[in-house]
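K.L.:
Handing you a structure now.
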Amino acid sequence: MKTEKYYRQAGYEQGLVDGKRTNGKIKKKYVENLFKSETQNLSEQESLMYKMGWQDGFVDSVRKTLQSKVRQEDFFEKQLDELYDLDFPDCRISLLGKKV
């Protein structure tokens, strides 16, 4: 008999994969079908552990993706600051196209 911890870890790993694969954009129907197929033979507690693990994994994956994008934006902002330095303060723009 597998433990509840096993099901939580399995759900977490699947959530990481789904979050990375979909870039955080996932359809409710997919999640419903996934939970139905993955938890059909599990007890209520094991099913709950799988679902909680999946949700945690999905959130962590999306969080990592967002942090990566923020780091990239910060990098480009620094590059722009170096290019335009302080001699041309009106020419500096953010990545969103707004003047700084």
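The values are calculated or read from the model by the stated rules, or taken from the named source; none is laboratory data. Small disclaimer: the values here were computed from a predicted structure and weren't measured. Every residue, glycine as well, gets a Cβ built from its backbone with ideal geometry; the counts of neighbours run over all protein chains shown.
K.L.:
Hey, can you tell me all the residues within the range 13-34 that are part of a loop (DSSP other than H, G, I, E, B) and either touching a residue at least 12 places away in the same chain (Cβ under 8 Å) or surrounded by 18 or more Cβ atoms within 10 Å (Cβ to Cβ) (or both)? First the steps, then the outcome.
P.N.:
Of the range 13-34, the ones part of a loop (DSSP other than H, G, I, E, B) are 23-27.
Once the filter is applied, which keeps residues that are part of a loop (DSSP other than H, G, I, E, B) and either touching a residue at least 12 places away in the same chain (Cβ under 8 Å) or surrounded by 18 or more Cβ atoms within 10 Å (Cβ to Cβ) (or both), the range 13-34 yields 23, 24, 26.
K.L.:
Same structure, new question: Being under 11 Å from residue 7 (Cα atoms) and surrounded by fewer than 16 Cβ atoms within 10 Å (Cβ to Cβ) is the filter here, so list the residues in the range 44-57 that pass it. Give the derivation first.
P.N.:
Residues of the range 44-57 that are under 11 Å from residue 7 (Cα atoms), as a first pass: 45-54.
Result: 45, single match.
K.L.:
While we're looking at this one, here's another question. Which of the residues spanning the range 53-73 are over 8 Å from the mean Cα position of the chain (by Cα) and among the polar types (S, T, N, Q)?
P.N.:
Those that are over 8 Å from the mean Cα position of the chain (by Cα) and among the polar types (S, T, N, Q): 55, 67, 68, 72.
K.L.:
Let me ask another. Does residue 73 fit the bill of being modelled with pLDDT of 75 or more and in contact with a Leu (Cβ under 6 Å, 6 or more places away or on another chain)?
P.N.:
Here the answer is yes, as residue 73 does meet what is asked.
K.L.:
Check 61, 37 and return the single one that is on the phi < 0 side of the Ramachandran plot, surrounded by fewer than 17 Cβ atoms within 10 Å (Cβ to Cβ) and in a helix (DSSP H, G or I). Outline the logic, then answer.
P.N.:
Details: 61 fails: surrounded by fewer than 17 Cβ atoms within 10 Å (Cβ to Cβ).
After ruling out the rest, the residue left standing is 37.
K.L.:
Limited to the range 1-43, what total is found for residues that are of a type in the set (Asp, Glu) and at pLDDT below 90? Let's see the steps before the verdict.
P.N.:
Narrowing the range 1-43 to residues of a type in the set (Asp, Glu): 4, 13, 18, 32, 38.
Narrowing the set further to residues that are at pLDDT below 90 leaves 4.
The number of residues fulfilling the criteria is 1.
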